[in-house]
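Have a look at the structure below, then the notes.
Values quoted throughout were computed directly from the atomic coordinates according to the rules given, and no laboratory measurement underlies them. Remember, predicted model here, so these are calculated numbers, not experimental data. Here the Cβ positions follow ideal geometry from the backbone for every residue, glycine too, while neighbour counts run over all protein chains shown.
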Amino acid sequence: MSEATLTEFDTPAVAPHGADDHDAGDHGGHPVSSTGLSNNKLAMWLFLGSECLLFGGLISTYMLYRGRHTGSPGPAQLWDIPLTSVSSFILLMSSLTMVLAVSAAQQRDDRLTNLWLAVTALLGATFVGAQVYEFTTFYYEGVGFTTSLFSSSFYTLTGFHGVHVTVGIVMLMALVGIISRSKVPGDKAEVVELIGLYWHFVDIIWIVIFTLVYLIPA
Amino acid sequence: MAIVERPSTVPAIAGGAAPTFVGPADAYGAYRRPVTTTGWRSWLFTVDHKKLGLMYGVSAMIFFLIGGIEALLIRTQLAAPDNTVLSADLYNQMFTMHATTMVFLFVMPMAAGWANYFVPLQIGARDVAFPRLNAFGFWCFLFGGLFLNTSWFLGGAADGGWFMYQPNASSLFSPSNGVDYWSLGLQITGIASLTGAINLIVTVLNMRAPGMSLMKMPIFTWMILVVQFLLVFAIPVITVALFLLMFQRNFGAQFFNVDAGADPLLWQHLFWIFGHPEVYILILPSFGIVSEVLPVFSRKPLFGYKFVVFSGAAIGFVGWGVWAHHMFTSGLGPVSVAVFSVSTMLIAIPTGVKIVNWTLTMWGGKIHFTTAMLFSIGLIVEFTIGGLSGVTHSVSPSDTQQTDTYYIVAHFHYVLFGGAVFGIFAGFYYWWPKMFGKMLNETLGKWNFWLMVVGMNLTFGPMHILGLQGQPRRMVVWPDKLTGEGFFDLAFWNLAATVGSYLLAIGIFLFLVNVWRTTRKGATAPLDPWDARSLEWLTTNPPKAHNFDVVPHVHALDEYFHMKYEEVDTDTGPRLVKVRTAEELQAEQEANADTHIHMPSPSYWPIVLAIALPIMAYGIIYSTLLTVAGGVILLLAMFAWALEPSVADDSDYDPPPSGEAGKELASV
Amino acid sequence: MTTTEHDEHIGHEEHGAHKPNSFYIKVAVALAIVTAVEVGLYYLDLGKLFMPTLLILMVVKFVTVVSLFMHLRFDHKMFSWLFYSGLFLALFVYLAALTTFQFFDGG
């Protein structure tokens, strides 16, 4: 979440010497950073860079173990490509609605921002719902978390992704609530943008998972 | 004098035509921010990087002593053949926890302490980019470390070695909860490292004083920057490994179940892809400290600043390509082994560059053999020895003989103790006056140093022989009948190593005595006792809460030095002449002090959020109910953090003593 | 504080090229089409061409979302450096590790 960097921390970037000081009203100036870039945005991109290593490890584990399921169903028996294609499409479209939310936030249109944020959350929830349905089906077909190396790896990878989506949905809904009560700490457009970055990242991880896990035959 | 205003309730947000602002009066319910500046509460809720740095340092030193006791127990067990001081089971726990403690609970947090305290000062900033996140990171580290160590009392500590190879450390072969404490504890401390890394990178990139380009930053700050990048990318890898381990042990996943088709090498790859950058994470901060100390006590600027910077970055970069040298005997196959062998040889080069630059810094300089300087020179010597044995490991055929023997133990203790720890101690003696306003006693310091040098060489030197003669690592006993004769009488060398470890312990004890005596009656330190070069010395002892009365404008590398000295032409050529003293510079600062300094407010939520994590961790081991309870605290604390006002309400402060409303004087 | 002052202070990283919503909708449609093609490929038999084609399409979608939806193409290069460092590092270490498992040795 956004650190209230602006009021919380005011470093005058240019050292005032004596007289030409900031006065009380001026310390609200966006603190000019050494790079000119926002602290929060830098932090978010760093975080997303680190998440590449996280999901890379989970994807690699899956790719290594996808074929190890002696005596129990494997990908070929389980996948419902049409269903997963539709849910992938839904998640992809949620990225679009997220962009529209950011756009609305940059135009200072709170109502429209909230609308698109809510639609994004709804699409995300639909995706998660489809996954829950999918996993439940697999479970009843005899593939649980502990069944085989393939299943442990699959549920871990998609589970981590699903948790990330869920966290994203919670953040989106919280943001809707905060915006509607006009209590956004810091730059509202930036907060929406940064949550948007997180959301898109979760989407691109799914782009990779959908291809590598579902579309490439084991 | 600087006037630090009580954080203002005037809306002060930029960001657009219609800013919204969470005034403290609008804050949801109970989210008032703490206001105390003294007492235990001011430590518990602080977001001040200096206080957090001190807390990191004190906690790390306590873990150092715990890890040290674990080491002494190991050495006592190995002092004589077939010894019975420790049972085999306890011995396994001892070496596992010794290493885990030293790596994760001492060196890493100690470096975090140095970085937290001094990076903002060195770049001319007043705090880090995300002060609450900083506090959160510290409490995560502390609670994670404490959680990990409660395993001693709750069924036994982890016993699979600090690298926890699978399937040896699975529930089948390691049934106690120790490994669970290990995996969960390190997840918690990992969060500290990751958030700290993001924080420090943004701080260094974004909060440098005007005029301080990246190539004008002190080397310590540069090395810390490289380390944070290593952390940001390495921690997620071990996070994956630890999750797989946790799912395996606590939820029945199959990841390391060989019967189900698992490959034990998966763990090794994941662990060492983290583990090798990790060793550079451990050493680079000390390289940075030494790069500060050597020029100051050679009365010369660092030789080849650019080379030292680029070699540090190169070490960080190439360090990602060598991890499988920890796996040469694991069955990787000749092609992989050859590739990693070559890459490992390559990484010696940038380190060698640093050694050369440090040596050339001293060459022709006027050396002052203060304790800080002794530890720095000690690092160069001891790390070189450790580096040389490291190069022998890179040759995979010879590593095949060396691996899992005491030769490896010798190598990494030379580089870690002679490298990382010596650098940390150099930091103590160098920066103590700035942090505490007192000088550590130099006589005691020299005894401290020499006992540590003799102690460490006596402890770890013989291990080269022990290893090459075949004594394996991680064995609870060594049998008398396998010891040789004469120079290769391993019984002698084992005993020598044990004696050395006790000498080491005495050396460290002397350091603690030094600290205690200095605290009670140490000499008051001047502002700039060493006539140093970097900006952290442009402050009071200790620095004021807001660090600098005036944020300096930086014109050169070693800016502080150039504030004091000017080059003057004389008959004998250009000479450096001191034109201003530290005291004069400080007085100038105070005379021109900023009058509207706003410092970040303390907060309850970092520590509350942090405490949720060990609660959830205990829940994973014992009861899902606890995990749920911890999860609820986690969620609530996150929301509270996000929604709390950025400042405390006016009414929460005591009325100011003087008539001026809304202002309070800067606390020194 | 007027909007123009705000713009100066912010340093323009997010004001590079403010695309209209229609642009993003077009991109989304393109992404949907690529997804449909990917799924279609699953049912066709392209033989040896299947894997490379699929992976290329995956990368195209990935880069499109990152550059356009996440605005990375229009933002300051620093963000690209930070993100792509992580991405390429991940690719490097994990592909290398999988290679040691003879994962890419075919069959």
Please state the relative contact order of chain B as a whole percent: Cα pairs under 8 Å, 6+ residues apart? 22
If I model a spin label as a point 7 Å beyond the Cα along the Cα-Cβ vector, how far apart are those points for B:GLU584 and A:SER182 in nm? 5.6
Taking Cα atoms only, helix B:490-521 is inclined relative to the longest principal axis of chain B by an angle, in degrees rounded to 10, of 10
I need the shape label for segment B:350-446. Rule: rounded when a/c is under 1.5, else prolate if a/b > b/c, else oblate, with a, b, c from the alpha carbon gyration tensor. prolate
Using 1/(1 + (r/R0)^6) with R0 = 25 angstrom and r between the beta carbons of C:VAL37 and A:TYR133, what's the FRET efficiency to the nearest 0.05? 0.45
Which longest uninterrupted range of chain B lacks any GluC sites (Glu not before Pro) assigned by DSSP to a loop state (not H, G, I, E or B) and surrounded by at most 12 other Cβ atoms within 10 Å? B:1-484
20 Å reach of a label modelled at B:ARG299, 7 Å along Cα-to-Cβ, counting backbone N of segment B:521-541: B:526-534
Placing one equal point scatterer on each C-alpha of chain A and summing with Debye, one gets log10 I(q)/I(0) at q = 0.09, 0.10, 0.13, 0.15 Å⁻¹ equal to -0.47, -0.55, -0.81, -0.97
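Give me the extension gain from B:LYS521 to B:ALA556: residue separation times 0.36 nm, minus the current Cα-Cα distance, reported in nm with one decimal.
8.8 nm is the gain from fully extending B:LYS521 to B:ALA556.
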Taking each residue in B:125-136, count the Cβ atoms of any other chain within 10 Å of its Cβ, then average. What number comes out? 3
Shape call, chain B: gyration tensor on alpha carbons, a/c limit 1.5: oblate
Length gained when the stretch B:ALA629-B:GLN401 is fully extended (0.36 nm per residue, less Cα-Cα span): 77.0 nm
Peptide C:73-85: average number of partner chain Cβ atoms within 10 Å per residue? 5
Residue range of chain B that is longest and free of chymotrypsin sites (Phe, Trp or Tyr not before Pro) which are both DSSP loop and sparsely packed (at most 12 other C-beta within 10 Å): B:370-668
Helix B:108-122 sits at what angle to the longest principal axis of chain B, using alpha carbons and giving 0 to 90 degrees rounded to 10? 30
Take the Cβ-Cβ distance between A:ASP80 and B:VAL342 as r, set R0 to 30 Å, and report the resulting FRET efficiency rounded to the nearest 0.05. 0.05
Amide proton proximity set for B:LYS438, modelled H, under 5 Å, gap of 5+: B:ALA525
Under 1.5 on a/c is rounded, so check that first for segment B:498-639, then, if it is not, pick prolate when a/b is larger than b/c and oblate when it is not; a ≥ b ≥ c are the square roots of the alpha carbon gyration tensor eigenvalues. oblate
Can you find, among B:TYR560, B:ILE597, B:SER623, the residue sitting farthest towards the positive end of the charge dipole of segment B:547-628, where Lys and Arg contribute +1 and Asp and Glu -1 at Cβ? B:SER623
Are there DSSP H segments in chain A that both extend 15 Å or more along their axis (alpha-carbon positions) and score a mean Kyte-Doolittle hydropathy of at least 1.0? List them, or say none. A:81-106, A:149-180, A:188-209
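What percent does the relative contact order of chain A come to when contacts are Cα pairs within less than 8 Å and at least six residues apart?
Values: 200 pairs, mean separation 66.3, N = 218.
For chain A, the relative contact order is 30 percent.
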Starting from the Cα of C:LYS26, step 7 Å along the direction of its Cβ; do the same at B:VAL391; then give the gap between the two resulting points in nm. 6.0
Whole angstrom only: what separates the Cα centroid of segment A:27-101 from the Cα centroid of segment B:155-210? 23
The protein assembly as shown: antiparallel bridges as % of DSSP beta bridges, rounded to 5, reads 95
Helix B:265-298 sits at what angle to the longest principal axis of chain B, using alpha carbons and giving 0 to 90 degrees rounded to 10? 50
Using only Cα atoms, figure out Rg for the protein assembly as shown and give it as a multiple of 2.2 N^0.38 Å. 0.95
Label B:THR84 and A:THR166 with points 7 Å out from Cα along Cα→Cβ: what is the distance between them in nm? 5.4
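Average partner chain C-beta neighbours within 10 Å, per residue of B:253-265?
5
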Sequence gap at least 6, Cα distance under 8 Å: using those rules, report the relative contact order of segment A:116-218 to the nearest whole percent. 32
1/(1 + (r/R0)^6) with r = Cβ-Cβ of A:LEU115 and B:THR329, R0 = 51 Å, i.e. FRET efficiency to nearest 0.05, evaluates to 0.25
